[in-house]
Amino acid sequence: MKRPKLVRWMAVILIAAVLGLAGHGFWQYVPAILPAQWTAEEINLLQSLSLSNLGDLPPDPGNRLSGDIRAAELGRQLFFDLRLSGNGTIACTTCHRPDLHFTDARSLGLGTAIGDRHTMGLIGVAYSPWHYWDGRKDSLWSQALEPLENPLEQASNRTDLVRALTGDSSYRHQFEQLLGPLPDFVDLNRFPAGATPLGNDRQKQDWNAMSAADRYLVSQVFSAVGKVLAAYERQLSPQSTPFDEYVARLADDPALIQESALSRSQVAGLRLFIGKAQCINCHNGPLFSNHDFHNTGLLSAPGMLPGIGRAAGLETALQDEFNCLGQFSDAAPQACTELRFARHSDANLGAMKTPGLRNVAETAPYMHAGQLASLAEVVHHYDVAADAMVGHNEAKPLKLRAVERAELESFLHALTALPDPQSRWLTSPARPQ
């Protein structure tokens with residue numbers, strides 16, 4: 001008789017405790033009960049995010065070298081070569097480190113000086129039609145050119161760079177295999193040291209003093225440097241993750257909710273990702289990016305003015321001498337679909353590119369200027385959805401519970417892949433002699 005009464009009293013005490021804690025946000029920390037299984041519609045959506053749905057690399061009509069393995073091997077050599085910088089201390093890999101999924105763990109990139117943007121990763125980069133946070137480059141090969149002459153990054157110039165590369169017997173041989181015979185750039189009267197259209201007044205004057213034919217020769221070989229670098233970067237493919245393994249098993253067992261590939265918390269976070277949290281609206285497809293531009297009300301970094309983002313980036317891309325329609329592109333005009341049909345819009349104001357989320361848990365900090373240090377801060381940012389300083393914030397407050405924010409963050413860790421130890425593209429090559 002005593003035991004049932006004791007059980008009843010314990011139940012009363014437990015209910016009282018729950019009711020008391022509920023007034024202090026208790027339910028914020030109670031995990032949701034997972035449904036018995038995924039619906040057919042949900043499984044189709046998850047499969048659309050799987051790496052198995054990525055497909056072949058898209059063509060790069062502006063770069064006829066993009067599928068040439070010789071160009072990729074040459075680009076790999078250049079990617080790790082410090083001599084591509086003006087002071088001989090900065091290579092592409094300085095900011096795009098293979099051991100950090102081709103990021104640099106810094107808020108702002110650091111080349112010859114501190115830049116004004118966070119370094120984006122390169123895994124799967126060839127699938128995107130636009131590059132940089134503001135989309136100011138419309139191809140991977142044209143993007144690869146900008147850091148070479150940017151005074152904050154590698155701070156070289158096209159004339160000196162072309163002279164150095166064609167003066168190296170190994171590089172010259174490899175370039176000529178791809179391009180045919182190259183001119184000799186040693187004559188400083190024809191090709192003045194430091195001449196570039198992007199430098200200081202003296203460099204610009206020297207550039208303009210060159211004949212139009214010689215300026216074209218330099219820029220043509222310079223553009224080829226970007227094209228072989230892009231051919232290399234096209235080899236940087238994403239690797240399978242616990243999320244991909246989980247989705248693969250769903251095909252055989254639709255009732256699968258929790259097993260070794262994903263934890264219970266990660267499955268709950270995945271449900272939030274495609275549902276209540278609305279992440280799927282922008283972070284969709286196998287790379288978890290729609291490759292578009294959105295204003296999400298992000299504050300500028302300390303000491304920096306708010307950026308106008310895509311509004312400026314599109315204008316820059318349209319005027320770029322190395323864009324798809326430019327004279328150094330290998331594309332027929334009708335093949336430049338993205339550039340030809342890109343339009344200015346009020347929605348571009350303050351909009352930044354949607355980054356992919358693969359390996360996101362290992363590529364902190366986040367956002368276009370590294371403003372957010374952790375995934376928890378990123379989730380909180382979207383949960384609050386504050387007003388934008390410039391333009392209009394497309395996101396709306398999510399009102400997630402504390403446990404939901406934690407579950408969403410937990411799921412993002414399931415997008416981490418181990419580097420492929422067999423891939424030669426992740427290591428510095430021994431240059432041919």
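Does residue 254 satisfy being assigned to a loop (DSSP other than H, G, I, E, B), in contact (Cβ under 8 Å) with a residue 40 or more places away in the chain and either of a type in the set (Ser, Thr, Tyr) or crowded, with 19+ Cβ neighbours inside 10 Å (or both)?
Details: assigned to a loop (DSSP other than H, G, I, E, B): yes; in contact (Cβ under 8 Å) with a residue 40 or more places away in the chain: yes; either of a type in the set (Ser, Thr, Tyr) or crowded, with 19+ Cβ neighbours inside 10 Å (or both): no.
It is false that residue 254 is assigned to a loop (DSSP other than H, G, I, E, B), in contact (Cβ under 8 Å) with a residue 40 or more places away in the chain and either of a type in the set (Ser, Thr, Tyr) or crowded, with 19+ Cβ neighbours inside 10 Å (or both).
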>> Here are the criteria: (1) open to solvent by 60 Å² or more (accessible area, probe 1.4 Å); (2) at pLDDT below 95; (3) of a type outside the set (Ser, Thr, Tyr). Tell me which single one residue 386 does not satisfy.
In response: (1)
> Inside the range 206-243, can you point out the residues that are in contact with a Pro (Cβ under 9 Å, 6 or more places away or on another chain) and assigned to a helix (DSSP H, G or I)?
Replying inline: 206, 207, 208, 209, 214, 215, 217, 219, 221
> Can you name the residue in the range 153-173 that is under 15 Å from residue 81 (Cα atoms) and part of a loop (DSSP other than H, G, I, E, B) and, of all such residues, is most open to solvent (accessible area, probe 1.4 Å)?
Replying inline: 153
> Does residue 89 satisfy the criteria of being among the β-branched types (Val, Ile, Thr), free of Cβ contacts under 8 Å to residues at least 40 places away in the same chain, surrounded by 16 or more Cβ atoms within 10 Å (Cβ to Cβ) and on the phi < 0 side of the Ramachandran plot?
Replying inline: no
> Only one residue in 176, 153 is under 22 Å from residue 69 (Cα atoms), among the acidic types (Asp, Glu) and either in contact with a Leu (Cβ under 6 Å, 6 or more places away or on another chain) or touching a residue at least 12 places away in the same chain (Cβ under 8 Å) (or both), so which one is that?
Replying inline: 176
> In the range 301-310, is there at least one residue being modelled with pLDDT of 95 or more and either assigned to a helix (DSSP H, G or I) or surrounded by fewer than 22 Cβ atoms within 10 Å (Cβ to Cβ) (or both)?
Replying inline: yes
> How many residues, within the range 187-202, are free of Cβ contacts under 8 Å to residues at least 40 places away in the same chain and farther than 16 Å from residue 213 by Cα?
Replying inline: 5
> Restricting attention to the range 174-205, which residues are open to solvent by 80 Å² or more (accessible area, probe 1.4 Å), in a loop (DSSP other than H, G, I, E, B) and within 15 Å of residue 160 (Cα to Cα)?
Replying inline: 184, 186, 188, 189, 190, 198, 200
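Scan the range 272-307 for residues that are over 19 Å from residue 351 (Cβ atoms), in contact (Cβ under 8 Å) with a residue 24 or more places away in the chain and not charged (D, E, K, R) and report the count.
Matching residues across the range 272-307 total 5.
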>> Every residue in the range 373-387 that is in a helix (DSSP H, G or I) and charged (D, E, K, R), please.
In response: 377, 383
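Listed residues 56, 99; which is modelled with pLDDT under 95 and either farther than 30 Å from residue 222 by Cβ or of a type outside the set (Val, Ile, Thr) (or both)? It would help to see each step written out before you state the result.
Working: 56 fails: modelled with pLDDT under 95.
Answer to the selection: 99.
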> So which residues in the range 348-382 are closer than 19 Å to residue 131 by Cβ and of a type in the set (A, V, I, L, M)?
Replying inline: 351, 352, 357, 360, 367, 369
> Would you pick out the residues in the range 116-135 that are over 9 Å from the mean Cα position of the chain (by Cα), under 15 Å from residue 152 (Cβ atoms) and open to solvent by 20 Å² or more (accessible area, probe 1.4 Å)?
Replying inline: 116, 117
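The values are calculated or read from the model by the stated rules, or taken from the named source; none is laboratory data. Only a predicted model underlies this, so the values are computations on that prediction, with no experimental measurement involved. No Cβ is skipped: glycine too gets one built from the backbone with ideal geometry, and neighbour counts run over all protein chains shown. With ligands, DNA and RNA removed, areas are computed over all heavy atoms of the protein, side chains included. Shrake-Rupley method; radii C 1.70, N 1.55, O 1.52, S 1.80 Å.
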